[in-house]
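The next block holds one structure in the form of structure tokens; read it before the comments.
Bear in mind that the values in this text are calculations on the coordinates, not laboratory data. Just so you know, these numbers come straight off a predicted model, no measurement behind them. Every residue, glycine among them, receives a Cβ derived from its backbone with ideal geometry; neighbour counts consider all protein chains shown.
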Amino acid sequence: MIFFTDDQGYNDVGCFGSPRIRTPHFDRMAAEGMKFTSFYAQAVCGPSRAAIMTGCYPIRVAEPGNRKNQHTILHPREVTIAELLKDAGYATACIGKWHLAGNGGGRGHGPFPAELMPPAQGFDSFYGTPLHNGFTREVDPKGFVTELMRGSEVLESPTDMDLLTQRYTDEAVRFIRTNQDRPFFLYLAHNMPHVPLGASKAFRGRSPRGLYGDVVEELDWSAGRIVATLKELGLDEHTLVVFTSDNGPWIEKHLGDYGGSADPLRGSKMMTWDGGLRVPGIMRWPGRIPAGRVCGEIVTTMDLLPTFARLAGAAVPGDRLLDGADIRPLITGEPGARGPRETFYYYCYTHLQAVRNGTWKLVLPRPARPPWTGWSARMVDAVPATQLYDLAADVEEKHDVADRHPEIVARLLALVEKARDDLGDHDRVGKGARFFDGPPPPSADQRDGRRRRTT
């Protein structure tokens, strides 16, 4: 099971340091399982969901028309984690936010192409929203409508944001009860705490952190109810539960205190400072994952597909590259087990902006608000020269030590060139990127839908 939240920052969980948000159930999951302090997603919603579904960097993933969209549109020929597990005999359900099927009719409304929706991507059932909550601090039905669907049917338009967390939790419990006698895969992708925020009456006004805290504390309740259901049905020791967030907190002036916190990390959603991609991560599996462990190895959402596939006895696709790796030895505490990777690449849309190797992070030069990063540009600050940070000693990315370690800079620059060749960059089409609708685009401009090269 994947318990996925939206825009919840690294610091928005008690056991990750939150001083004002109470999360006893997440904290208990960490105490009974493994807490990951270098767990990475992607910088924004759609790409993050593509990574978790395919086990790949979003820039590698194929999209309709051989285009790259800022919110990834998953090509029907991509193989998802749900398809692998369904073929292995698992009941599969997507409950919550999908956000991999484009913008539909606009402003939140459908229709959405059936071949891009969860039932066509390996899920037996879908109950949730095809898109996100919107762009504003408060609900604005004239500007954006969040629709609640079951399968292909729209149940509410707009839906009641205050009830989403509760409804998703009820639906998840029903799915678990219905499938308790067979293997199941549940992808519970909560819309919260993405703005506009919503919380039920039982949680409003409870948190010292205001409405944002209320929302996260209701998500914590949701996780607690899921775990309690697993215990009640005797499934606790047979179920791996993963909790994480899709990206860092959304922090912009117009949102005020409705955004979260990535402290002590630098940056937030849409940024490639660690606060934009490093997220809380917890895995719990009594009897299989040692209790009370803290893991500092680099682990990513891309690792879930190959790991789940191996656990289920499913074969990973042999006709394409995966960027994720099997982390079973790491999570089960095998003696001497290390993370499957030393290197992680930080992309903002198709722009490669940084690389981490071990504890070293190299940040590449860039202008402020680079136009090739689309609407994410408003969040991108300038980096005048190549910078190097030792994340073990400087998790806040405050002290550039590039001048002191030229050999490390050179080594990481070589990794950058390797990624540019394989995955691509804002000005290069990667040799390992997938394009299913004819030959690869002749240029990055065409791939990204730019009319001309911007500098």
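How do 266-275, 391-400, 72-81 rank on mean C-beta neighbours within 10 Å, highest first?
Values: 266-275: 24.5, 391-400: 14.1, 72-81: 21.4.
So the order, starting with the most tightly packed, is 266-275, 72-81, 391-400.
So how strong a dipole does the range 343-448 carry about its Cα centre when Lys and Arg Cβ are +1 and Asp and Glu Cβ are -1, to the nearest 20 debye? Can you show the working numbers first?
Working: 14 positive and 16 negative charges, 35 e Å.
That gives a dipole near 160 debye.
In square nanometres, what is the average projected area of the Cα convex hull of the range 217-366?
Numbers: hull surface 47.1 nm².
About 11.8 nm², averaged over all directions.
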Quick check: residue separation of ASN103 and GLU297 times 0.36 nm, minus the Cα distance between them. What number comes out in nm? 66.2 nm
If the cut-off is a Cα-Cα distance under 24 Å, which lysines reach LYS418, setting aside same-chain residues fewer than 8 apart in sequence? LYS68, LYS361, LYS431
Quick one: plug the Kirkwood hydrodynamic radius of the range 343-448 (C-alpha pairs) into Stokes-Einstein at 20 °C, 1.002 mPa s, and report D in µm²/s. 145 µm²/s
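Would you please give the FRET efficiency between ARG310 and LEU413, computed as 1/(1 + (r/R0)^6) with r the Cβ-Cβ distance and R0 = 35 Å, to the nearest 0.05?
On the way: r = 34 Å, r/R0 = 0.96.
Working from the Cβ atoms, E equals 0.55.
Sorted by mean Cβ packing within 10 Å, highest first, what order do the peptides 1-7, 44-50 take? Intermediate values should be presented prior to the final figure.
Values: 1-7: 25.0, 44-50: 27.0.
Per-residue mean Cβ counts within 10 Å order the peptides as 44-50, 1-7.
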Taking the alpha-carbon centroid of each part, what is the distance from the range 345-372 to the range 1-24 in angstrom? 26 Å
Which shape class applies to the range 59-113: rounded if a/c is under 1.5, otherwise prolate when a/b exceeds b/c and oblate if not, where a ≥ b ≥ c are the square roots of the Cα gyration tensor eigenvalues? oblate
Long-range HN-HN contacts of CYS295 with modeled amide H, under 5 Å: LYS35, PHE36, THR37
Considering only PRO58, VAL44, CYS94, whose Cα is most displaced toward the positive end of the charge dipole of the range 17-141, charges sitting on Cβ of Lys, Arg (+1) and Asp, Glu (-1)? VAL44
In this structure, the FRET efficiency calculated for ARG338 and THR178 from their beta-carbon separation, with R0 = 45 Å, to the nearest 0.05, is 0.70
Can you give the % of DSSP beta bridges in the range 2-331 that are antiparallel, to the nearest 5? 40 percent
Any chance you could check the Cα centroid distance between the range 257-282 and the range 171-248 for me, in angstrom? 21 Å
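What order do you get for 251-259, 423-431 when each peptide is scored by the mean count of other beta carbon atoms within 10 Å, highest first?
Numbers: 251-259: 15.7, 423-431: 20.4.
Going by the mean number of other Cβ atoms within 10 Å, highest first, we get 423-431, 251-259.
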Have a look at LEU116, PHE144, SER245 and report the one farthest towards the positive end of the charge dipole of the range 2-331, computed about the Cα centre with Cβ charges (Lys/Arg +1, Asp/Glu -1). SER245
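As an exercise, identify the trypsin sites (Lys or Arg not before Pro) in the range 132-173 lying in DSSP coil whose Cβ has no more than 13 other Cβ atoms within 10 Å.
Filter output for the range 132-173: LYS142.
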Could you work out the pair-distance distribution P(r) of the range 317-400 from its alpha-carbon pairs, with 5 angstrom bin width and percents rounded to whole numbers? 3, 12, 16, 17, 17, 15, 10, 7, 3, 0
Which whole-Hz ³J(HN,Hα) couplings does the range 443-449 yield from phi under the Karplus relation 6.51 cos²θ - 1.76 cosθ + 1.60, θ = phi - 60°, glycine and proline marked x? 8, 5, 4, 5, 4, 9, x
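Using a simple charge model, +1 on the beta-carbon of Lys and Arg, -1 on the beta-carbon of Asp and Glu, nothing else, what dipole does the range 24-109 show about its Cα centre, in debye to the nearest 20?
Numbers: 10 positive and 6 negative charges, 60 e Å.
In total the dipole reaches around 280 debye.
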In nm, the gap between the two label points placed 7 Å beyond Cα toward Cβ at VAL154 and ASP403 is 5.9 nm
Given backbone amide H placed at 1.01 Å from N, residues whose amide H is under 5 Å from that of CYS348, ignoring those fewer than 5 places away on the same chain, are GLN353
Karplus-derived 3J(HN,Hα) from phi for the range 78-88 (6.51 cos²θ - 1.76 cosθ + 1.60, θ = phi - 60°), whole Hz, x at Gly and Pro, runs 5, 9, 9, 4, 5, 5, 4, 6, 4, 5, 8
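Just how large is the dipole of the chain about the Cα centre, in debye to the nearest 20, putting +1 at every Lys and Arg Cβ and -1 at every Asp and Glu Cβ?
Magnitude of the dipole: close to 540 debye.
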Lysines whose Cα lies under 22 Å from that of LYS86, excluding same-chain neighbours fewer than 8 positions away: LYS97
Computed over the range 2-331, the distribution of all Cα-Cα distances in 10 Å bins, rounded to whole %, is 6, 28, 39, 23, 3, 0
